[in-house]
1. Restricting the first residue to the stretch 100-127 and requiring it to be closer than 10 Å to Thr84 by Cα and acidic (Asp, Glu), which pairs with a second residue that is at pLDDT 85 or above and not in a loop (DSSP other than H, G, I, E, B) meet a Cβ separation below 7 Å and a spacing of at least six or different chains?
2. From the list Ala551, Ala512, Ala498, exactly one residue is among the hydrophobic types (A, V, I, L, M, F, W, C) and touching a Cys at 6+ places or on another chain (Cβ under 9 Å). Which is it?
3. Filter the stretch 12-32 for residues that are without any contact (Cβ under 8 Å) to a residue 24 or more places away in the chain and assigned to a helix (DSSP H, G or I); which is farthest from Arg275 (Cα to Cα)?
4. Take Arg15 and tell me if it is over 30 Å from the mean Cα position of the chain (by Cα), modelled with pLDDT under 90 and under 30 Å from Leu161 (Cβ atoms).
5. Within the stretch 283-295, is there a residue that is modelled with pLDDT of 95 or more, hydroxyl-bearing (Ser, Thr, Tyr) and surrounded by 24 or more Cβ atoms within 10 Å (Cβ to Cβ)?
6. Restricting to the stretch 152-193, give me the number of residues that are among the basic types (Lys, Arg) and under 22 Å from Leu436 (Cα atoms).
7. Find the residue count for the stretch 574-609, including only residues that are over 21 Å from Val553 (Cβ atoms) and in a loop (DSSP other than H, G, I, E, B).
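The values are calculated or read from the model by the stated rules, or taken from the named source; none is laboratory data. Given the structure is predicted, the values throughout are model-derived calculations rather than measurements. Note: ideal-geometry Cβ built from the backbone for every residue, glycine included; neighbour counts use all protein chains shown.
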Amino acid sequence: MLDIVEQERKKAERRLASTGIRVLVCAGTGCVANGSLEVIKKFEEFGLNVEKLPEHKDFTTVKTGCHGFCEKGVLVVIPDLDVTYVKVKKEDVEEIVRKHIYGGEVVERLLYVDPKTNKHIFRNEDIEFYSKQTRTSLCNCGNINPEELDEALCVGGYEALARVLEEQTPEEVIKTITDSGLRGRGGGGFPTGRKWQFTAMAQNDKKYVVCNGDEGDPGAFMDRSIMEGDPHKLIEGMAIAAYAIGADEGYIYVRAEYPMAIKRLRIAIKEAEERGYLGENILGSNMNFTIHIKEGAGAFVCGEETALLASIEGERGMPRPKPPFPANKGLFGKPTLINNVETFANVPLIIKNGAQWFRSFGTEKSAGTKTFALTGEVNNTGLIEVPMGTTLREIIFEIGGGIRNGKKFKAAQIGGPSGGCLTEEHLDLPMDYDSLIQAGAMVGSGGLVVMNEDTCIVEVARFFMHFTQVESCGKCVPCREGTKNMLAILEKIVRGKATMEDLDLLEELAHAVKDGSLCGLGKTAPNPVLSTLKYFRDEYIAHIRDKKCPAGVCSALKTIQIQEDLCKGCSKCARQCPVGAISGQIKSPYKIDQSKCIKCGVCVDTCPFKAIKEV
């Protein structure tokens, strides 16, 4: 079996070697939104019309998945010429081809400029955003065409599957995964090997492997990038898991809002079936395994494993009480193994390189690496992968390049709506499962939103509570009613209508929802409120007692004033005010009746003399 994969790999390498210089153009969702498909089309036009360019060199345009550095898209990497270009537009393509690919002269204006040294950087590995990372599950994203199986084979695809089929028993595979210390990357951090062991031990004639690709956290796109950029690694990880637990059928549950991921998964599954890596008698063995794709309708609660299973079965996505756990009674009542995309993507690497290799990254209790979607008020936003235990300071100020516009760091929301808030005192906290839980946060799926001094923490808590309240399935009372009432109190606070008794009730409700909810969504929904109350209680009090938003964000707590020395008495503001709160005489300063003012800001935008300001 290994011989089959090796022969296929060599054949693929010969074919790709004959295609000339490789021009890797990011075609992840972010870069596509920035026009990468037009850039790709322009490169391909040059490749098709080489006879018109006598100085030409053969090159191939490779449509890849996400390169990670979303802040600088569209990204074009030419490994053969050792160069990375950033923010490329279709108008830049001709210059890159003629000047660099044909002429050997770098297009300097399209290189990344290091903000610390103000020097142009040529290679990915020299850009601090990349140099500080350790990319394992993301190692192929941005380097291969995800729609071609040959490209996956050239970087070792399906070697791990062939190895376990030829050399290892299911028990040995499970032991390797257990020894590696891999924990579920979907949020809870449950030991992967133990979950596999439980499912393998369940007695039944039918078992399933399910991949949870229902990535619903605001700002999170780790799983999407793997599905878009390296789908064969996910498929291989699922197939290895199926061999280990004795399953012959699997499902990838992916939200319909990920059309590119779905398209590339379908292509990859079809290719794998045609070439014998999926289906019946895989690689000539007696193993059978097929994979189906189930498109989710976008319900956040379907990220919870039992709600996800209900959705696949065609029922409304609502959690079920546990036990029984899916390992014993899951999909269609059969034993089912559920892991998320990133967890499965690590499996082939562990099989190929060994458990100790994986343990060489991270910490003793949190082995390996973790992907994070770094967003918010940092200079370098994008998808990153770092060893577990990397500090928040390293992520924000080295990989992220620091806070935008020289502002001060205030907080970071980690783990999305289910996570918690980290503050300046946590900058040197190791980012691992146990340390974050002790701080009142959690790794979650890996969303990391950075906030600066101009962020209102209370409004952040209100935003996440609104999200979880809308997404609550309503099955259990603590979550259905508790989140509704918590949101109502938070809205009172940002409007300046709350009392200190409301603040006490908010905290009491948060603990009740956390303790009494049925599933993980409800149990973690209060986390943003509890963590911000712990570290930023003074901001809540300022909203309630002083009727002030320290960050100046909450419009209901702002006062709109007309500066008499700047007002020319043109009356434009009075004419535009929707509630008639502004009055005065022409050519004399106008005034605002604060009892009528609804703080809509129309007058601020209308004044031609900038005489009206929010304070």
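1. Short answer, once both residue conditions are applied: Glu125/Ser131.
2. Result of the check over Ala551, Ala512, Ala498: Ala551.
3. Per the criteria, the residue is Ala17.
4. In short, yes.
5. Scanning the stretch 283-295 turns up no residue that is modelled with pLDDT of 95 or more, hydroxyl-bearing (Ser, Thr, Tyr) and surrounded by 24 or more Cβ atoms within 10 Å (Cβ to Cβ).
6. Qualifying residue count, the stretch 152-193: 2.
7. Residues flagged as over 21 Å from Val553 (Cβ atoms) and in a loop (DSSP other than H, G, I, E, B) within the stretch 574-609 amount to 18.
The rows are residues; the columns are (1) charged (D, E, K, R); (2) modelled with pLDDT of 90 or more; (3) in a helix (DSSP H, G or I); (4) in contact with a helix residue (DSSP H, G or I) (Cβ under 9 Å, 6 or more places away or on another chain).
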site	(1), (2), (3), (4)
Thr371	no, yes, no, yes
Leu374	no, yes, no, yes
Glu385	yes, yes, no, yes
Gly389	no, yes, no, yes
Glu398	yes, yes, yes, yes
Lys410	yes, yes, no, yes
Pro417	no, no, yes, yes
